[in-house]
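The values are calculated or read from the model by the stated rules, or taken from the named source; none is laboratory data. These figures come from a predicted structure and were not determined experimentally. Methodologically, a virtual Cβ is constructed for each residue, glycine included, from the backbone with ideal geometry; neighbour enumeration extends over all protein chains shown.
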Amino acid sequence: MEELRRLIAGSYGREDFIFAGHAYDAERAREAIVEAGKQAIGLKQYLNMHREYLQSMNCAQEHIEEQLECVQDIGSYLDYD
């Protein structure tokens, strides 16, 4: 579970806490979703883990909700072509 938490944290920019906003962040996001699958983590628990991380970084509630929408958007995990 700690590996998944590490990957979730790495899915966000260090300054802006935007989900998968940069290539490195998107790579960690892909790794996190794969790890969640390996651990049989459901969507609700996966989203709660993201919420807990953002709350621990003192993000505003509005920002958290915006980022959780991105977490649920499959396009966030794919490369732009």
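Leu68 versus (1) at pLDDT below 95; (2) of a type outside the set (D, E, K, R); (3) part of a helix (DSSP H, G or I); (4) surrounded by 15 or more Cβ atoms within 10 Å (Cβ to Cβ): which is the lone unmet condition?
(1)
Whether any residue in the stretch 29-45 is within 19 Å of Glu15 (Cα to Cα) and either surrounded by 12 or more Cβ atoms within 10 Å (Cβ to Cβ) or modelled with pLDDT of 95 or more (or both) is what I want to check.
Scanning the stretch 29-45 turns up at least one residue that is within 19 Å of Glu15 (Cα to Cα) and either surrounded by 12 or more Cβ atoms within 10 Å (Cβ to Cβ) or modelled with pLDDT of 95 or more (or both).
Have a look at Gly42, Gly37, Gly21, Gly13 and point out the one that is of a type in the set (Gly, Ala, Ser), farther than 17 Å from Ile74 by Cβ and without any contact (Cβ under 8 Å) to a residue 60 or more places away in the chain.
Gly13
Just a yes or no: is a residue in the stretch 46-57 of a type in the set (Gly, Ala, Ser), more than 10 Å from the chain's Cα centre (by Cα) and on the phi > 0 side of the Ramachandran plot?
no
For the stretch 58-81, which positions are under 11 Å from the mean Cα position of the chain (by Cα) and of a type in the set (S, T, N, Q)?
Residues satisfying the conditions are Gln67, Gln72, Ser76.
Take the residues of the stretch 1-28 that are among the hydroxyl-bearing types (Ser, Thr, Tyr) and under 14 Å from Leu68 (Cα atoms): which is surrounded by the most Cβ atoms within 10 Å (Cβ to Cβ)?
Ser11
How many residues, within the stretch 24-50, are more than 17 Å from Glu3 (Cβ to Cβ) and aliphatic (A, V, I, L, M)?
So the answer is 3.
Test Tyr53 against the stated conditions and say whether it is without any contact (Cβ under 8 Å) to a residue 40 or more places away in the chain, assigned to a helix (DSSP H, G or I) and within 21 Å of Glu2 (Cα to Cα).
So Tyr53 does not fit the description; no.
May I ask you to list the residues in the stretch 10-41 that are β-branched (Val, Ile, Thr), part of a helix (DSSP H, G or I) and more than 11 Å from the chain's Cα centre (by Cα)?
Residue satisfying the conditions is Val34 alone.
In the stretch 46-68, what residues are within 21 Å of Ala23 (Cβ to Cβ) and acidic (Asp, Glu)?
Glu66 - this is the single residue of the stretch 46-68 that is within 21 Å of Ala23 (Cβ to Cβ) and acidic (Asp, Glu).
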